[in-house]
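Here is the structure we will look at, set down as structure tokens.
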Amino acid sequence: MAAELQGDWLELATASGSTIRVLKAAHPRARRLRLTVTPKGARVSYPNGTHPSQVSAFLRSHADWLERKLDELNLIVKPLPALRVGHAAEFPLRGETVLLDWAEGPYPRVESFDGGLTLVIPRPHTRALPVARGLLASHFEAQMRRDVSRWMAGYVPQLGLAPTSLRIRPMKSLWGSLDTRDRINLDLALALAPPAALRYVLAHELCHLKVRSHAPRFWALVATLFPHWREQRDWLRVNGATLKAELDRLVADVAD
């Protein structure tokens, strides 16, 4: 089993072939290494000054326990088959399992059909895979922007506030964020989720325009915009790791 540092995350490869992502955080009052698992994922905290190799070794020694706990919470992502040019594959889109098919044509494009998408790629196929990934990323973003623009038309008047801009991109751990300039970021993986999950994340970030914390009045405000927010938050907690892995399989290496 190997552990590899990735920014604020550590990736642990398990004997079963799964990859576990663990949030790592130094804590000024920590006296020892501590590993916790919640529906949001795994987290390892450690005293300031702890060498990265100690953190990695600690995780490797607890890998079996960690995998078991995450599996109980449906947070273990089994290895997904690689995206291969010319080979049909199933994937989630807007909460439904659909088919991804391939075809040849004079110019690259995505065509929708009842039950899936067709990636049209011209010959020669020397760069077909990166082209296909870019097409899928653009298609997912366009669909999300259509949904978001429709919902924002109702939410902004209710709040009396609007974000300065909207960016949609793959995000490692978050589903959305609001920066200090009131710009909203949304995870591209939400294109694969049911529209209600995307709508919840949008409402969540919009409410941060008024309340920057997660105080009770923040959640009360979220409930006024999206009454069923708990159901969608819980859905993302259970299915989120799989969605992010599916997006990575489909659009990996596409520049932010």
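The values are calculated or read from the model by the stated rules, or taken from the named source; none is laboratory data. Just so it is clear, the structure is predicted and the values come from calculations on it, not from any experiment. Here Cβ is always computed from backbone atoms with ideal geometry, including for glycine, and neighbour counts include all displayed protein chains. Quick note on the areas: whole protein, heavy atoms, side chains included, nothing else; ligands and nucleic acids left out. Shrake-Rupley method; radii C 1.70, N 1.55, O 1.52, S 1.80 Å.
Out of L178, L225, report the one residue that is at pLDDT below 95, over 20 Å from F140 (Cα atoms), among the aliphatic types (A, V, I, L, M) and more than 11 Å from the chain's Cα centre (by Cα).
Residue meeting the stated conditions: L178.
R145 - would you say it is under 30 Å from F226 (Cβ atoms), surrounded by fewer than 18 Cβ atoms within 10 Å (Cβ to Cβ), in contact (Cβ under 8 Å) with a residue 60 or more places away in the chain and among the charged types (D, E, K, R)? In short, no.
For the structure I just gave you, tell me whether V211 is touching a Leu at 6+ places or on another chain (Cβ under 8 Å) and free of Cβ contacts under 8 Å to residues at least 12 places away in the same chain.
Working: touching a Leu at 6+ places or on another chain (Cβ under 8 Å): yes; free of Cβ contacts under 8 Å to residues at least 12 places away in the same chain: yes.
Answer is yes for this residue.
Which one of these is open to solvent by 40 Å² or more (accessible area, probe 1.4 Å), in contact with a Leu (Cβ under 9 Å, 6 or more places away or on another chain) and closer than 26 Å to R183 by Cα: A153, A88, A162?
Sole residue among the options that is open to solvent by 40 Å² or more (accessible area, probe 1.4 Å), in contact with a Leu (Cβ under 9 Å, 6 or more places away or on another chain) and closer than 26 Å to R183 by Cα: A162.
The single condition among (1) in a helix (DSSP H, G or I); (2) without any contact (Cβ under 8 Å) to a residue 40 or more places away in the chain; (3) closer than 20 Å to L247 by Cβ that G134 does not satisfy is (2).
For residues in the stretch 78-88 being closer than 16 Å to A252 by Cα and aliphatic (A, V, I, L, M), which is modelled with the lowest pLDDT? Walk me through how you get there before you give the answer.
So in the stretch 78-88, the residues closer than 16 Å to A252 by Cα come out as 79-85.
Cutting the leftovers down to aliphatic (A, V, I, L, M) gives us 80, 82-83, 85.
Working: L80: 74, A82: 83, L83: 88, V85: 88.
The selected residue is L80.
Residue-wise test of (1) touching a His at 6+ places or on another chain (Cβ under 8 Å); (2) surrounded by 17 or more Cβ atoms within 10 Å (Cβ to Cβ).
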| residue | (1), (2) |
| --- | --- |
| I168 | no, yes |
| N185 | no, yes |
| L192 | no, yes |
| A196 | yes, no |
| V238 | no, no |
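Reported count of residues in the stretch 92-113, each being in contact with a strand residue (DSSP E or B) (Cβ under 6 Å, 6 or more places away or on another chain) and either of a type outside the set (S, T, Y) or open to solvent by less than 60 Å² (accessible area, probe 1.4 Å) (or both), is 10.
Among the residues of the stretch 153-194, the ones that are among the hydrophobic types (A, V, I, L, M, F, W, C) and over 20 Å from T224 (Cα atoms) come to 12 in all.
The C-beta contact set for the stretch 29-56 (first residue free of Cβ contacts under 8 Å to residues at least 12 places away in the same chain and closer than 20 Å to K172 by Cβ, second residue open to solvent by less than 40 Å² (accessible area, probe 1.4 Å) and not polar (S, T, N, Q), distance under 9 angstrom, 6+ apart or interchain) comprises T36/A42; T36/V44.
Applying the selection to the stretch 17-32, what residues are more than 21 Å from the chain's Cα centre (by Cα) and open to solvent by 40 Å² or more (accessible area, probe 1.4 Å)? Spell out the reasoning first.
First, the residues of the stretch 17-32 that are more than 21 Å from the chain's Cα centre (by Cα): 26-32.
Those that are more than 21 Å from the chain's Cα centre (by Cα) and open to solvent by 40 Å² or more (accessible area, probe 1.4 Å): A26, H27, P28, R29, R31, R32.
Annotation note: Cβ proximity below 9 Å between a residue of the stretch 96-121 that is closer than 17 Å to L83 by Cβ and a residue that is among the hydroxyl-bearing types (S, T, Y) and assigned to a loop (DSSP other than H, G, I, E, B) (sequence gap 6+ or interchain) occurs for V120/Y107.
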